[in-house]
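Note sheet for the following structure.
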Amino acid sequence: MAMEVCVLMEWPDASLAALTPGSGARGVAGPLLALKPPPFPGPARPFPGGAAGSGSARGRHFPGRSGAAPGVCKQKRTDNSDFLGVESLGPAHHCQTKWICSSNALRRELCQQAAPEQQVEGLSDQEQRLVDRLYHGLIQGHRACLAEAITLVESTQSRKKKVAQVLLQKVLSYHREQEKLNQGKPLAFRVGLSGPPGAGKSTFIECFGKMLTERKHKVSVLAVDPSSSTSGGSLLGDKTRMTELSRDMNAYIRPSPTSGTLGGVTRTTNEAILLCEGGGYNVVLVETVGVGQSEFAVADMVDMFILLLPPAGGDELQGIKRGIIEMADLVAINKADGDLVVPARRIQAEYVSAMKLLRKRSKVWRPKVMRISAKTGEGISDMWDKMTEFRELMLTSGELVAKRRKQQKVWMWNLIQENMLEHFRSHLAVKDKIPLLEEKVLKGVLSPGLAADLLLKAFKDGL
């Protein structure tokens, strides 16, 4: 992806009507065929280190602007190209320029094409090399680079967060280019898998993932584990239940802790999905923690949301309850084998009846209820056929693309919400007041609501 930089030039006065290559202008790369004189009269003011009225233009370096080489500065644009007086700026790339007039000086910025390897502003050489290494390794399908990239985006250190955003921007640009080559269709199928604890999610993914890799798919599994509310640690043991799949070279399993994030996913699950797709994985499975009726944040991250339930998981009333059930595109009753076949059939019939009462969310798809057994493999292939049918219908109708665009907006607001809380806690106006008010709340002197109002007022006044 090409970048643009500008060389800051000064014309000594308006009498300089034309410059051609070799006329004494320094710092200009590429042919400059003809320039009309600027419409502003006035004497020239010399730059530091340059002679006034010498008829030459010198590159100027601003020490305060990091990330730019001497003689270059950030690009400025304007849409009024006729006002600029530029007849031609070379055959390959037409750059927009902007005249800036002051009382004694006339400055001009001349755009030129820079190499794609131009260093990103604000990153050190070491950080830039890290971004380049991870990016190139990722798009070439190196699993180690994918693992390191996900670790980078999961970091809470402010400097690493900045580096991670640069990497994500490069991957996102690559992702858009690949989608254009694919006629605008999404490259990967994102599937969210949720359900109560003990429903058999990890066992299902082991069986389902092996079937997909045998069919020449590349499968990525993002397994989310709950973090302890007391110690803050997480077991990250889901991978141990997927012994066969973890040894498959066409599969990648990444356990991640929730770190206190609600909704059954991590705060960086969206970024991890994007990185997995950049690594060439065309089926991304997101396994949430064991969730209840209202935790369905994963539904805002995936193309298809699957709810996995055990047999005898409650009566029909559980299915009618608003929440996680109405967000599901497919309900799978797992463990439908042995003595549990009869209870599985009964719960399937009850949920089919319950789903009819829920409001339709799609014009082309009605949620299905299936019986499967991850232990024996029964119904797994039929389930994939239903998932493929869902994807084709949603793609044809355009609902899938619209859904992804909406999810980008939800993603943005989730990040704003998270960062605003962090910004609030560290703001100078409230940072010192938080411990004092917390102590008063603990002693019962202040109500939590009043303390919150005082902190918010101090925050607003300090803005």
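Give me the pairs: first residue in segment 138-159 and touching a residue at least 40 places away in the same chain (Cβ under 8 Å) and over 17 Å from Ile273 (Cβ atoms), second residue open to solvent by 80 Å² or more (accessible area, probe 1.4 Å) and in a helix (DSSP H, G or I), beta-carbon distance under 6 Å, and six or more apart or on different chains, which are they?
none
State whether one or more residues within segment 141-161 are charged (D, E, K, R) and modelled with pLDDT under 50.
no
Give segment 158-178 a look and list any residue that's under 10 Å from the mean Cα position of the chain (by Cα) and not hydrophobic (A, V, I, L, M, F, W, C), or say none.
Gln165, Gln169
What about Val153, is it more than 30 Å from Asn334 (Cβ to Cβ), of a type in the set (Val, Ile, Thr) and touching a Phe, Trp or Tyr at 6+ places or on another chain (Cβ under 8 Å)?
So Val153 fails the test.
Could you please tell me which pairs satisfy a Cβ distance under 6 Å, a separation of 6+ or placement on different chains, a first residue in segment 324-337 that is within 26 Å of Thr376 (Cα to Cα), and a second residue that is among the charged types (D, E, K, R) and open to solvent by 10 Å² or more (accessible area, probe 1.4 Å)?
Leu330/Lys368; Ile333/Arg371; Ala336/Arg371; Asp337/Lys375
State which residue is modelled with the lowest pLDDT when the search covers only segment 330-354 and only residues that are among the β-branched types (Val, Ile, Thr) and surrounded by fewer than 18 Cβ atoms within 10 Å (Cβ to Cβ).
The first filter runs over segment 330-354 and keeps only residues among the β-branched types (Val, Ile, Thr), leaving 331, 333, 341-342, 347, 352.
Right, trim to surrounded by fewer than 18 Cβ atoms within 10 Å (Cβ to Cβ) and you get 341-342, 352.
Details: Val341: 90, Val342: 90, Val352: 87.
Per the stated criteria, the residue is Val352.
Step by step: first the residues of segment 199-221, then only those that are of a type outside the set (A, V, I, L, M) and in contact with a Gly (Cβ under 7 Å, 6 or more places away or on another chain), then the one that is farthest from Ala312 (Cα to Cα). Which residue is that? Spell out how you get there, then give the answer.
Looking only at segment 199-221, we keep the residues that are of a type outside the set (A, V, I, L, M), and these are 200-204, 206-210, 213-218, 220.
When the remaining residues are screened for being in contact with a Gly (Cβ under 7 Å, 6 or more places away or on another chain), the result is 201, 207, 218.
On the way: Lys201: 16, Cys207: 22, Lys218: 34 Å.
So, considering only residues that are of a type outside the set (A, V, I, L, M) and in contact with a Gly (Cβ under 7 Å, 6 or more places away or on another chain), the one farthest from Ala312 (Cα to Cα) is Lys218.
Kindly list, by first and then second residue, each pair from a residue in segment 395-407 that is small (Gly, Ala, Ser) to a residue that is surrounded by 11 or more Cβ atoms within 10 Å (Cβ to Cβ), limited to pairs with Cβ atoms under 9 Å and residues at least 6 apart or on different chains.
Between residues of segment 395-407 that are small (Gly, Ala, Ser) and residues that are surrounded by 11 or more Cβ atoms within 10 Å (Cβ to Cβ), the close pairs are Ser397/Ser362; Ser397/Val364; Ser397/Trp365.
If we only count helices (runs of 4 or more DSSP H) wholly inside segment 131-226, which ones have 3 or more residues that are open to solvent by 70 Å² or more (accessible area, probe 1.4 Å), on the phi < 0 side of the Ramachandran plot and of a type in the set (Lys, Arg)?
Ranges flagged: 158-181.
Looking at segment 360-369, can you tell me whether even one residue there is among the basic types (Lys, Arg) and assigned to a helix (DSSP H, G or I)?
Within segment 360-369, not a single residue is among the basic types (Lys, Arg) and assigned to a helix (DSSP H, G or I).
Please pick out the residue among Met420, Met412, Met327 that is touching a strand residue (DSSP E or B) at 6+ places or on another chain (Cβ under 9 Å) and modelled with pLDDT under 90. Talk me through it step by step, then tell me what you get.
Working: Met420 fails: touching a strand residue (DSSP E or B) at 6+ places or on another chain (Cβ under 9 Å); Met412 fails: touching a strand residue (DSSP E or B) at 6+ places or on another chain (Cβ under 9 Å).
Going through Met420, Met412, Met327 in turn, just one is touching a strand residue (DSSP E or B) at 6+ places or on another chain (Cβ under 9 Å) and modelled with pLDDT under 90: Met327.
When segment 235-254 is examined, which residues are found to be surrounded by 16 or more Cβ atoms within 10 Å (Cβ to Cβ), more than 18 Å from Pro196 (Cα to Cα) and at pLDDT below 85?
Answer for segment 235-254, where residues must be surrounded by 16 or more Cβ atoms within 10 Å (Cβ to Cβ), more than 18 Å from Pro196 (Cα to Cα) and at pLDDT below 85: Lys239, Met242.
Kindly provide the set of residues from segment 357-378 that are free of Cβ contacts under 8 Å to residues at least 60 places away in the same chain, surrounded by fewer than 19 Cβ atoms within 10 Å (Cβ to Cβ) and within 22 Å of His217 (Cα to Cα), ordered by number.
Selection gives Thr376, Glu378.
What's the number of the condition Gly280 fails, among (1) open to solvent by 10 Å² or more (accessible area, probe 1.4 Å); (2) at pLDDT below 90; (3) part of a loop (DSSP other than H, G, I, E, B)?
Here Gly280 meets the rest and fails (2).
Hey, among the residues in segment 439-453 that are more than 17 Å from Arg425 (Cβ to Cβ) and among the hydrophobic types (A, V, I, L, M, F, W, C), which one's surrounded by the most Cβ atoms within 10 Å (Cβ to Cβ)?
Leu446
The values are calculated or read from the model by the stated rules, or taken from the named source; none is laboratory data. Source: prediction; values computed, not measured. Positions of Cβ are generated from backbone atoms using ideal geometry, with glycine treated the same way; all protein chains shown enter the neighbour counts. Protein only, heavy atoms only, side chains kept; ligands, DNA and RNA dropped before computing areas. Shrake-Rupley method; radii C 1.70, N 1.55, O 1.52, S 1.80 Å.
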